[in-house]
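Have a look at the structure below, then the notes.
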Amino acid sequence: MIKGKLDEIVSEVKEYAPNLNNRADFDVYKSTISGPKGKLTEIMKLMGSVPKEEKPEMGKAINLAKQSIQDTFSKVIKSIEENELLGQLGSSIDPTLPSPELEKGHLHPISQVRDTIVGLFSRIGFAVAEGTELETEYYCFDALNIPADHPARDMQDSYFMPKTSSVSNVAKKSDERYLLRTHTSSVQIRTLLEEKPPIRIVAPGRCFRRDTPDATHSANFHQIEGLYVDRKVTLTDLKATLDHFVREIFGVSAKTRLRPSFFPFTEPSFEMDFYSPDLGKLSNQWIEIMGCGMVDPKVFESVGLDSDIYSGFAFGIGIERIAMILQGVDDIRNYYQNDIRFLRQFPDSIA
Amino acid sequence: MKISYQWLRQYFKSELSSKEILSSLPLMGFDVEETKILGPPPMEHVVVGEVQDFKSHPNADRLRLCQVRIDNDGTCYSIICGATNFKQGDRVMVALPGAVLPGNFKIKKSKLRGIESEGMLCSANELNISHDHDGILIIEDSIEIGTPINSVYSNTDIIFHLEITPNRVDVLSHIGLARELVARFGGSLALPLIKTPLNESNGHIPNTLLESLELNATSDCFEYNTLCIEGIKVTSSPEWLKRALESVGLKSVNNIVDITNFVLHETGQPLHAFDADKIEGNSIIVRNAIDGESITTLDEKKHILDKSVVVISDNKKPLAIAGVMGGADAEVTNVSSSIIIEVAYFKPTTIRKTARRLGISSDSSYRFERGVDPKGLGYAMHRACSLILELAGGTVVGRSSLFSNSVEAKASLDVNSISFSLKKMEAFIGFSVSVEQVKSVFESLNFKIQFGSSGDWEIEVPSYRGDLSRAVDLYEEFIRIFGTDKIPDVGIKAGAINASDDPIFKFNQLVGSFLTSKSFNEAYLYTLRNVDEFKYLYGTNSQDTQFLKLDNPLQSDQSHLRNSLIPGLLDVLELNYSRQNPLGSFFERGRVFRIIDGAVIELISLGFIASSNSSSRSWTQRDAFDFYSAKSIMEDCIGLLPLNLSQMDWVPKKESSLWQPEHSATLGSLDSLSFEAEIGLLNVQNIKSQWGISDPLIAGSLFIKPDIFGNKVVQPRYKTLSNQPASCKDLALIVKRETLASEVKRAVEFSIKSLIQDFNCEWVEIFDVYQGEGLEDNKKSIALRMQFRAHDRTLKDTEVNALFDAIQLKISNETNFQIRK
């Protein structure tokens, strides 16, 4: 009789339990079987009244039934759990809908060109130096062999601070005036005064000229100054280094030439031109890209270095100029308007 | 500077083509800005023709159908022409099919209104003969029919517009440039023959035109020569002279004035001619002007002078501003019959100052201020004299030369000798060259070489090369003439240097990649800002408005150094809104300027801005960018600085014109911590009124004193981690509404710290803030969770509960916070 009941419960569970599809119903049903007052529990309570000789067989039967019910419950709960997981997923995705997240931002095209240039000099051992945008006449001019009556020092060409201004974190030589630096070459002087050769730096930064803005002139612009000072630095080193720059920026098909020029702080001085067959509208013509030269002995003198022992070269690259050539931008003011459609034309990549 | 190719060829005789010369100039250091062809270039199929007959075009009233004969055999071409300024029998220039006119204008047979035209009758303008384009060019009858155009007009010239660097005054003339070409290509300089040699002179001997000559301004005028000529005839100049002057952009005035200008452009030495009859008292004095003295110059402008200016004067009045421009009072005119020619050397800095002060730049001042050849005066005077006697007649009645005795003046005439060592030059240029190569370059430049016994050379450079004084200057000359294309290619010298990138740069690199990954686009704004913006945002009397002003702004909208990057970023948003662009968020890395204790300080700065509406238009909603978004970004950026901040305690902003009070906050202090940060909502009213933007904008601004980058950062050390289970407790405290969360958190942390033993509190976090039902109006509830863990065991509930009870008791007893049960 007990055995019959057991079979009955097992088959009932087998039939009923798989229809349960949530955890609450399952728990309720489970307690009607194996809870304290469940059907299976009730039967197990009858074991005491079973004759001794039947007990082993009956025990075996109960165990088998328990096992069978347990197996069924395990299957059912596993299936309920799986359904619960799938239920969390929500509706299926449409991979063609746009992401509502904002897209990655871009570095400004001038920053990108600056980083490229800094990077290529970095690989050949130049460290990045920083200077201040406010400078004094001494560091911007005198120490660079640009005397007081030089045309470049005309009040017309530079933005000056009032005579009474003091700048707490830009040191003066004596009582000269502060101005917004007209070139990054002032970093040459500050570096040569602070550090001992060998010195190999590139100094990117913002410069200012008192120009009426137009397609190629902007109230401020950016340069990268380069300086290499050591024993036995030669003109061939200047050429090798700057050829490296041009090849890295404009490709191996670019040719260079050094055109004699004049800067008070270098002797000899050159303008470097390059010529490239793959530059769109600018192909196959000589294009000026930077001023350079061997550091003038007067500059060494002003920083207390002996030009019989040390030599070096310096160069100044206009970042906007390189950017305009590379990016095909024909008006420098585009860089300062920050139209997001313009900025997004220049995604940063490893290219 | 303008150079006429034809003029140049008078001194530089060579087989070289104009193209070869042109392409070599930049590599010699003379950049060619522009070239222009004057006169007809070489052209084929353009010949002289005669109009035999013409009639109206049957299909167009304004056109004429002409029969034009182009040879003596009677060959006629039928040509349609729009001009009406010719008649039968006129000789004209005919462009036949196959001709290419200036501007790459190709002539071919073509139909005009149904009738074929076999060429074109040309205007002077089309042939580059003159700018005349009213009708076609009619030429003299004497020129034979069929003559090619280049036989009729043989004086085609090329004008080079050269950019000469300020150190090379010696090339600011045709002879000067020819001298350089001879050095580069060989050959010899063909200097003009001087037909009337003058006697040398020293001092002044009175003559009929000039009784006395005085040189008073001896520190500004090193040498003053005069040449007095009587009985000249002032006329217009001959064609060759007119053309020469026109080619370099000068107008012909009269033969005397033209000769002085010609000699200037020929030799580089400025000269001036005075009408001797207009000089009062027959005397010339070279002196400093008297303060307040005035002169009207040849360009009819009146100038008030002071004693820094040197004038050439007679007994009464200044006749010329020395080295800059002559005065109208002693101008040579058509009725002049006696003249005095001045050839002088004025000190460059004096002329530069005068020219700049008076705002005049003349061909004379341009050369004097760069320093003319101190030994070139005599040649220029001889040349001028020769030309005057040839073209204007007259008799030389006197010649005077006065020299200054100043040390500087004497030194300017010293022979310039420079020691040179080939070995040192080779060490400098980095490659070997032969003695012969160097010798040949130096000799081509007219350097005199003395070979010393020790191997060093003494190089004597010509007087016109005042720019050369040191050995390194000679290295430059060598390379320039030798050719920079011959510098050999060597590898890059890149031995390691013990230096690292400036931390400011490193910081900016990290900030840049962080912010772009957070969807911010980098913007570049101008450093100079508008004075009105300063007045509006900070007030007219604020320190920033007063002390960040430039002394010499160019325009009022660029008068102040920026003290924050935010206004610029607002401009960016304004521009993008106005162009209906997609909304974006922006940042800038740059320098800004502040006033601390009355002094300007240059700071490293970072600014970012985003609209808090930025994600509203999307098919699925995202949280808007808000104060707390800005806080997280700013704290991450500050975290990149070499600072050891244990806590960042933001303080709400109370008053600000840029920020919205109570919706923005600050952190740090430039004075004590060397950095300052501001974040939050921008002032909605001011942003609306100044930038016209109504969207709420969230921004962040970070100011850093550069000295912060000198800080040493403590290298983090590994701490062992516990793998024992953790135990959490939640605590809700009822506090006054205005109490800052940081205060609550700090109180809880303090209690824990003072009570805990045997195990650790890993963190305390605020996870809920509540105000409303169940709380008094002026109260809020802040809920904190804390996590405990022991290093060596599983924590028992009893020990955690005991600590938690103690914490609550301590807070109840020691603070105004109330435990929320």
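Here are the numbers for this structure:
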| quantity | calculated |
| --- | --- |
| In Hz, Karplus ³J(HN,Hα) per residue of the stretch A:220-227 (6.51, -1.76, 1.60; θ = phi - 60°; x = Gly, Pro) | 10, 8, 10, 10, 10, 8, x, 8 |
| P(r), alpha carbons of the stretch B:666-706 - 10 Å bins starting at zero, rounded % | 29, 36, 26, 9 |
| Simple label model, 7 Å out from Cα along Cβ direction - B:Ile449 to A:Lys232, nm | 2.7 nm |
| The stretch B:310-389-the stretch A:261-339 distance, computed between alpha-carbon centres (Å) | 38 Å |
| A versus B: buried accessible surface, summed, Å² (probe 1.4 Å, to nearest 100) | 7800 Å² |
| Shielding by partners - mean other protein chain Cβ count within 10 Å, residues of A:239-246 | 3 |
| Cα shape, the stretch B:338-484, gyration tensor, a/c 1.5 rule | prolate |
| Residues listed by number, the stretch B:561-583, amide nitrogen under 18 Å from B:Tyr536 label point at 7 Å toward C-beta | B:561-579 |
| Spacing of the two label points (7 Å from each Cα toward its C-beta) at A:Leu85 and A:Glu15, in nm | 3.2 nm |
| Residues B:Asp626 and B:Lys736, FRET efficiency given R0 of 25 Å [Cβ-Cβ distance, rounded to 0.05] | 0.55 |
| Difference of contour (0.36 nm per residue) and Cα-Cα distance, B:Val433 to B:His791 | 121.1 nm |
| Global form of the stretch A:109-343, assessed from the alpha-carbon gyration tensor, a/c cut-off 1.5 | oblate |
| Carbon plus sulfur fraction of accessible area for the stretch A:2-89, probe 1.4 Å, in percent | 55 percent |
| Residue-averaged 222 nm ellipticity for chain B, from DSSP H runs of 4+ at -39500 (n - 2.57), nearest 500 | -7500 deg cm²/dmol |
| Using a Förster distance of 56 Å, the FRET efficiency for B:Gln546-B:Asn104 (Cβ separation, nearest 0.05) | 0.40 |
| Unit Cα scatterers, Debye sum, chain B: log10 I(q)/I(0) for q = 0.06 Å⁻¹ | -0.74 |
| Rounded accessible area of B:Ser417 (nearest 10 Å², 1.4 Å probe) | 60 Å² |
| Distance in nm between pseudo-label sites at A:Trp286 and A:Asp27 (7 Å out along the Cβ direction from Cα) | 8.9 nm |
| All-pairs Cα distance distribution in the stretch A:2-89, expressed in whole percent, bin size 5 Å | 3, 14, 23, 22, 14, 10, 7, 4, 2, 1, 0, 0 |
| Nearest-10 value in Å² for the accessible area of A:Ser34, using the 1.4 Å probe | 60 Å² |
| Expected 222 nm ellipticity per residue - DSSP helices of 4 or more, -39500 (n - 2.57), all of chain A, to 500 | -11500 deg cm²/dmol |
| Above-threshold pairs, the threshold being 32 Å between Cα atoms, out of B:Lys317/B:Lys549; A:Lys104/B:Lys705; A:Lys239/B:Lys549; A:Lys232/B:Lys19; A:Lys30/A:Lys60 | B:Lys317/B:Lys549; A:Lys239/B:Lys549; A:Lys232/B:Lys19 |
| Rg/Rg_globular for the protein assembly as shown, with Rg_globular taken as 2.2 N^0.38 Å and Rg from C-alpha atoms | 1.37 |
| Stretch gain in nm, segment B:Trp240-B:Leu755, where the contour uses 0.36 nm per residue and the Cα spacing is subtracted | 174.7 nm |
| Computed lengthening from B:Ser722 to B:Ser657, 0.36 nm per intervening residue step minus Cα-Cα distance | 18.4 nm |
| Residue-wise HN-Hα coupling along the stretch A:23-30, computed from phi with Karplus coefficients 6.51, -1.76, 1.60 (Hz; x: Gly, Pro) | 5, 5, 4, 4, 4, 4, 5, 4 |
| Centre separation in Å (Cα based) which lies between the stretch A:1-57 and the stretch B:109-185 | 118 Å |
| Dipole in debye (nearest 20) - the stretch A:238-329, about Cα centre, beta carbon charges: Lys, Arg +1; Asp, Glu -1 | 420 debye |
| FRET efficiency estimate (nearest 0.05) - Cβ-Cβ, A:Asp94 to A:Leu64, R0 51 angstrom | 0.45 |
| Centre separation in Å (Cα based) which lies between the stretch B:37-99 and the stretch A:116-146 | 65 Å |
| Prolate/oblate/rounded label for the stretch A:277-351 (Cα gyration tensor, a/c 1.5) | prolate |
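The values are calculated or read from the model by the stated rules, or taken from the named source; none is laboratory data. Since we're looking at a predicted model, the values are computed, not measured. Neighbour counts run over all protein chains shown; Cβ positions are idealised from the backbone, glycine included. Protein only, heavy atoms only, side chains kept; ligands, DNA and RNA dropped before computing areas. Shrake-Rupley method; radii C 1.70, N 1.55, O 1.52, S 1.80 Å.
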